[in-house]
Structure formats: C-alpha cells, structure tokens
1. For region 228-251 and region 146-164, what is the separation of their C-alpha centers, rounded to whole Å?
2. Using each residue's phi in region 5-17, evaluate 6.51 cos²θ - 1.76 cosθ + 1.60 at θ = phi - 60° and report the 3J(HN,Hα) Karplus result to the nearest Hz, with x for Gly and Pro.
3. Gain in length, residue 73 to residue 175, computed as 0.36 nm per residue apart minus the alpha-carbon separation, to one decimal in nm?
4. Which cross-chain or sequence-distant (5 or more) residues have an amide H under 5 Å from the amide H of residue 9, H modelled 1.01 Å from N in plane?
5. When every alpha-carbon pair in region 152-229 is counted, what percent end up more than 18 Å apart?
6. In the Gaussian network model of the chain, springs joining C-alpha atoms below 10 Å, which of 206, 20, 150 carries the largest mean-square fluctuation?
7. Summing +1 for each Lys or Arg and -1 for each Asp or Glu, what net charge is found among the other residues whose Cβ lies under 10 Å from the Cβ of residue 157?
8. Among DSSP bridges having both ends in the chain, what percentage is antiparallel? Round to the nearest 5.
Amino acid sequence: MPGERINGTVLTFFSTASAVGKTLISINMASELAKAGAKVCLVDLDLQFGDVCNYLLLDPSHTIADLQKGIQTQGSECDVASFLCPYEYDGTVFYVLASPKKLEEAYNISEKEIKEIIRRLQTMFEYVIIDTTSMFSVVNLMLLDLSTIVTFLGIVDFIPTIKNMKIGNDTLRSLNYDENKIRLVLNRSDAKSRISMRDVERLLGVPFDFILPNDFRAASKSIKTGVPLVLEDEGTELSKSLRELVSRYTNRVYAGDESYETENSGGSGWFSRLFS
Ligand SMILES: Nc1ncnc2c1ncn2[C@@H]1O[C@H](COP(=O)(O)OP(=O)(O)O)[C@@H](O)[C@H]1O
Ligand SMILES: [Mg+2]
C-alpha cells in the first residue's frame with residue numbers, strides 16, 4: 001500500500017451523455033499509469049450506477065459508503081487505505097474506491113464528504129482518477145473545480161447527444177478554468193453516424209483534442225474478461241490510441257510498439273501546457 005503525503009494529480013472524466021466511454025477510458029487511464037509504475041487510485045463516483053467493479057470483475061469488500069462511515073466515526077484517524085480494493089493484472093496494480101452497493105447509500109453521501117475523501121486520496125496517490133456521471137450536479141461541479149484536468153468526452157451519434165455536448169462544452173468553458181484544464185475527447189469516432197465530426201467541431205467552436213476509434217469487439221471483450229485493453233497484448237488500434245491518449249497527460253510520449261520517449265519541457269504534453 002502506498003505511503004502517505006503526496007499531492008496527487010486529479011484526472012476527471014465527464015460527459016453530458018451516458019455510454020460515451022467514461023468508465024472504459026478511466027479504467028484504461030488507471031491501468032496505463034499504474035503499468036508505468038505510478039501510484040494510482042480510481043474512484044467510482046457514478047454513485048448510483050457505478051460500473052468500475054463490474055468492468056474489472058472486482059468484488060470489493062468495502063465501498064465509498066463504508067469509508068464515509070469510517071470518516072464520520074473516526075475522523076482523521078480513519079485508515080482510508082483499508083477501504084480500497086486492489087486490482088492486479090500481470091504485475092500492474094492500482095486501487096479502486098468502489099461505488100456503494102445500495103442506491104440509498106449513494107443518495108446519502110454529501111459533496112463535502114466526497115471532497116474530503118478526494119483530498120485524503122491525493123495525499124496517498126500520485127494520480128486520483130475519477131469516473132463520474134453525465135450531469136452538472138453539485139457533486140460534479142465540485143469535482144470539476146478540484147480536478148487538475150477534466151476530460152470532457154463525447155460521441156457523435158444523434159442530434160440530442162450533440163446538442164447536450166454543445167451545452168456541456170459551453171458550460172465548462174464558462175467556468176473560467178485555465179483553458180488547458182478542459183480536454184475535449186471524441187470517443188468511437190468511426191461509429192456509424194450521418195453526422196460528420198467536422199460539423200460537430202464547427203458547432204462546438206473548438207476542435208477535438210484527441211480522437212479514439214470505435215472497436216466494439218475489443219471493448220466488449222475487455223469488459224467480459226475484466227482485463228483493461230492497455231494491459232492486454234493484442235495491440236488493437238483502440239488500445240494503442242488509449243495509450244497515446246494517456247501519454248498526453250504525462251511527460252512520456254507513446255511512440256508506438258511499446259516504446260515511450262521522455263518529452264522535454266515545453267512540448268505537446270497537456271501538463272506542460274497547463275503549468276507553463
Ligand atoms: N471506443 C470504443 N469502441 C467501442 N465501444 C466502446 C468504446 N468505448 C466504450 N465502448 C463501449 O460503450 C459502452 C459504454 O461505455 P462506458 O465506459 O460504460 O460509458 P459511460 O461510463 O460513459 O457510461 C460499453 O459497452 C463500452 O464497452
Ligand atoms: Mg460509466
């Protein structure tokens with residue numbers, strides 16, 4: 001278990017539609033960073049309908065609802081690490097804070113309690129990765145505020161989804177964050193749709209920062225086996241793209257074929273731009 005006192009980076013996945021890939025991508029983000037040796041915690045803040053443990057085939061003995069009670073009764077003495085569930089595959093390890101098992105538990109966790117939990121996790125992990133839900137709720141607004149980078153995910157399928165993506169994108173950009181804090185990522189780019197990606201970019205008024213391909217077979221297989229795409233050796237386009245995406249959040253650049261180059265300062269990595 002990781003030692004205490006780091007100031008971890010918070011990477012949040014957000015969208016205004018469901019089934020755009022928030023959970024799949026946040027799991028792969030956690031896996032890829034952990035594979036590179038980072039201390040990573042993935043927090044499932046889709047409190048009512050969380051999928052992280054389903055996608056990883058984990059059966060956690062504790063959830064965020066148990067941690068909430070632990071903090072309520074023991075305060076700063078509460079051992080947060082004992083409420084986390086390790087995921088391990090082929091030598092890669094990261095930790096999961098699971099969503100509650102019951103709906104009423106999800107309903108009873110406050111924004112303040114969640115904030116305290118994230119702050120505590122930041123002192124233990126280099127990366128705290130947050131999977132969210134698709135709404136501008138009080139909890140999600142608080143998460144957007146405390147995030148280092150918010151990845152706003154979209155897909156191009158039907159008009160209502162695109163209308164909501166536009167509302168979401170405009171709203172995120174009206175929150176006065178550093179413009180490099182928001183990253184717009186298109187998932188399932190080549191899925192069949194009559195609407196062109198370029199038209200969507202024109203509507204949004206900003207280009208996508210990154211585009212992930214559609215591969216339903218690979219995505220479904222990884223969910224069925226509980227093994228994240230980036231930890232499998234099959235080298236699908238989707239897993240390669242996911243690795244490349246993750247490398248944008250670090251100073252390691254994915255150069256294909258399992259190789260990485262360390263980026264000099266002032267390069268294209270999203271952090272270097274955020275902190276320059
Ligand atoms: N790039 C992709 N290509 C094909 N299927 C995908 C891709 N990304 C996600 N999926 C599939 O889409 C569904 C929804 O993904 P999920 O991560 O659960 O979305 P969300 O968390 O935003 O609701 C899942 O069945 C997942 O396997
Ligand atoms: Mg999800």
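The values are calculated or read from the model by the stated rules, or taken from the named source; none is laboratory data. Since the structure is predicted, the reported quantities are computational estimates derived from the model, not experimental observations. Neighbour counts run over all protein chains shown; Cβ positions are idealised from the backbone, glycine included. Ligands, DNA and RNA are excluded from the accessible area calculation, which covers all protein heavy atoms including side chains. Shrake-Rupley method; radii C 1.70, N 1.55, O 1.52, S 1.80 Å.
1. That distance is 20 Å.
2. After applying 6.51 cos²θ - 1.76 cosθ + 1.60, I find 6, 10, 10, x, 7, 10, 10, 10, 9, 9, 7, 10, 9 Hz.
3. Extra length from residue 73 to residue 175 when fully extended: 33.2 nm.
4. 127, 128
5. On the way: 1379 of 3003 pairs.
So the pairs more than 18 Å apart make up 46 percent of the total in region 152-229.
6. Comparing 206, 20, 150 in the GNM, the peak value goes to 206.
7. Working: positive: 188, 192, 194; negative: none.
That works out to +3.
8. Numbers: 8 of 32 bridges.
If I count the DSSP bridges inside the chain, around 25 percent turn out antiparallel.
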